[in-house]
Amino acid sequence: MPGASRPVGGPGLAQVRRVVSEIPGPRSRELLARQRGLVPAGVGAVLPVFVEAAGGGVIVDADGNSFIDFGSGIAVTTVGNSAPAVAERAAAQLRRFTHTCFLVSPYESYLDVCEKLNELAPIPGEKRTILVNSGAEAVENAVKIARAATGRPGIVVFDHGFHGRTLLTMSLTAKNKPYKQGFGPFAPEVHRAPMAYPYRWPGSPERCAEEAASALADLLDRQVGADNVAAVLIEPIQGEGGFIVPAPGFLGRVAEICRSRGILLIVDEIQAGIARTGRMFACEHEGIRPDLITTAKGLAGGLPLGAVTGRAELMDAVPAGGLGGTFSGSPVACEAALGVFDEIEAGDLLERAREIGDTMLEFLGGLSDRHPVIGDVRGRGAMIAVELVEQDGDRVPAPDLAARIAKRCHADGLLVLTAGSYGNVLRFLPPLSISDALLEEGLTVLGEAIAKETACAG
């Protein structure tokens, strides 16, 4: 019977790497065949196995394979899959009621989440928060709020940025395939500036922040007109773009440029926020105090929840009825989010993220010394990546090598993700609940995969 022998998930799951079949195994292949008849081809999977349980630092599939998790559901299960406080709070709420619609009959847990985000967000002055269903919805609402508050239409975004898959957020996203190809026309009044991407900056890396900031100022003043721009939207660490950490000082320059022109600064913390980088919000590493912050992914430990937090006078600029949605701020997701904050505090997970980052950066730095195909190692906390290039050292992206290394890791029981505008980045997002032993074992598997695929390429 389906599910009769499914393993128990959560932190009680055996924390081991185990490969007992080819990947995908026979049961997963059966389910993949079923999927092809039920789900559109446009819905793919990085690791095409069907999950039966997950927790701690592992994912177990339908064939009994246990993978070390370096993906966290794309930065969603930051505190761990089925983390105790998350599961317990959500389960208790399911027994009380599942839905009323906050716009019809509100409930206190929505207020509790807003209160916590208002308390934590590095935004000056009095704050307000709205809860939504996803990261894309959070970005859409942030843009609505910025336009309503300023009376201006323009939004400026950056090369390599990713903000979602809806019409507006596709328009804001930089990469064409697979996110935008064939889906136009796109939303108007979106303008794009160069990102201060040190590894690929065409000039001197030391001048990257200054030159990128000058390009942004020129775009605002000469091409668009600063008086036409409601907000500049930026990721403090670009996620899908390849975990690009902007050159030191760039985020501060962006904030100054916005402030001097009366333009709002929106920081997209959807992938980097909620303890992922060793701070609650990644923009805190640079001391940035934005006007609006968007969060999602890690906010509710696997349940769909997003948020916009911002200065009170901006958030209150939208008239009654202008914000909200049927499922926005689900009571079950709100309780899960409160569980996430419980886990972060009880487990000192900000410090844990920093420890994970230190371990990964040290290991990957040594790996890059031995393998010239690793052109760059970057990231903060438990949000780390390597950018792969061709052997000749001229920074030619190596997307095929990245895909082969990822596939070999999967076959050896390690889930890793690819990313980057050129498809040549391996990104690592281990849950903060992962043990040191599993983290180190996963890094060893990764190192062996890189060595083997580099030797094959040679």
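Filter the stretch 277-310 down to residues that are assigned to a strand (DSSP E or B) and buried (at least 22 other Cβ atoms within 10 Å of the Cβ), then give me how many there are.
Looking only at that region, the number is 10.
Out of the residues in the stretch 23-39 that are hydrophobic (A, V, I, L, M, F, W, C) and not in a loop (DSSP other than H, G, I, E, B), which is nearest to ALA62 (Cα to Cα)?
For the stretch 23-39, the residue satisfying everything is LEU31.
Restricting the stretch 188-209 to residues that are within 23 Å of the chain's Cα centre (by Cα) and within 24 Å of LEU167 (Cβ to Cβ), which is surrounded by the most Cβ atoms within 10 Å (Cβ to Cβ)?
MET195
Matching residues to (1) within 21 Å of LYS177 (Cα to Cα); (2) of a type in the set (Lys, Arg):
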{"position": "MET360", "(1), (2)": "no, no"}
{"position": "LEU367", "(1), (2)": "no, no"}
{"position": "ALA398", "(1), (2)": "yes, no"}
{"position": "ARG404", "(1), (2)": "yes, yes"}
{"position": "LEU426", "(1), (2)": "yes, no"}
{"position": "PRO430", "(1), (2)": "no, no"}
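Please go through the stretch 387-402 and pick out each residue that is crowded, with 19+ Cβ neighbours inside 10 Å and either part of a strand (DSSP E or B) or touching a residue at least 40 places away in the same chain (Cβ under 8 Å) (or both). Talk me through it step by step, then tell me what you get.
Residues of the stretch 387-402 that are crowded, with 19+ Cβ neighbours inside 10 Å, as a first pass: 387-389, 397-398, 401-402.
GLU387, LEU388, VAL389, PRO397, LEU401 - these are the residues of the stretch 387-402 that are crowded, with 19+ Cβ neighbours inside 10 Å and either part of a strand (DSSP E or B) or touching a residue at least 40 places away in the same chain (Cβ under 8 Å) (or both).
Out of ILE384, ILE374, ILE405, I need the residue that is under 20 Å from the mean Cα position of the chain (by Cα) and buried (at least 19 other Cβ atoms within 10 Å of the Cβ). Which one?
Going through ILE384, ILE374, ILE405 in turn, the sole match is ILE384.
For the stretch 52-170, please list each of the helices (runs of 4 or more DSSP H) lying entirely inside it that holds at least 2 residues being over 30 Å from VAL445 (Cβ atoms).
In the stretch 52-170, the matching helices (runs of 4 or more DSSP H) lie at 84-96, 108-120, 135-150.
Restricting the stretch 327-371 to residues that are outside any helix (DSSP H, G or I) and not aromatic (Phe, Trp, Tyr), which is surrounded by the fewest Cβ atoms within 10 Å (Cβ to Cβ)?
Among them, the one singled out is ASP348.
Does any residue of the stretch 201-210 turn out to be without any contact (Cβ under 8 Å) to a residue 40 or more places away in the chain and assigned to a helix (DSSP H, G or I)? Give the derivation first.
Pass one, the stretch 201-210, residues without any contact (Cβ under 8 Å) to a residue 40 or more places away in the chain: 202-204, 206-207.
Pick out the ones that are also assigned to a helix (DSSP H, G or I) and you get 206-207.
Within the stretch 201-210, one or more residues are without any contact (Cβ under 8 Å) to a residue 40 or more places away in the chain and assigned to a helix (DSSP H, G or I).
Are any residues in the stretch 83-131 in contact (Cβ under 8 Å) with a residue 60 or more places away in the chain, among the β-branched types (Val, Ile, Thr) and over 14 Å from GLU335 (Cα atoms), and if so, which ones?
Within the stretch 83-131, THR100, ILE123, THR129, ILE130 meet the criteria.
Of the residues that make up the stretch 411-426, is at least one assigned to a helix (DSSP H, G or I) and within 30 Å of GLY64 (Cβ to Cβ)?
yes
Restricting to the stretch 86-136, what's the tally of residues that are more than 22 Å from the chain's Cα centre (by Cα) and of a type in the set (A, V, I, L, M, F, W, C)?
The qualifying residues number 10.
Can you tell me which residue is surrounded by the most Cβ atoms within 10 Å (Cβ to Cβ) among those in the stretch 224-254 that are touching a Pro at 6+ places or on another chain (Cβ under 7 Å) and without any contact (Cβ under 8 Å) to a residue 60 or more places away in the chain?
LEU251
Against the definition (out of contact with any helix residue (DSSP H, G or I) (no Cβ under 8 Å at 6 or more places or on another chain), closer than 24 Å to LEU438 by Cβ and either of a type in the set (Asp, Glu) or surrounded by 15 or more Cβ atoms within 10 Å (Cβ to Cβ) (or both)), how does ILE68 come out, yes or no?
Here the answer is no, as ILE68 does not meet what is asked.
Taken together, the values in this text are just the output of simple stated rules run on the coordinates, not laboratory data. Quick caveat: nothing in here was measured; it's all calculated off a predicted structure. Reconstructed Cβ throughout: ideal geometry from the backbone, glycine too, with neighbour counts over all protein chains shown.
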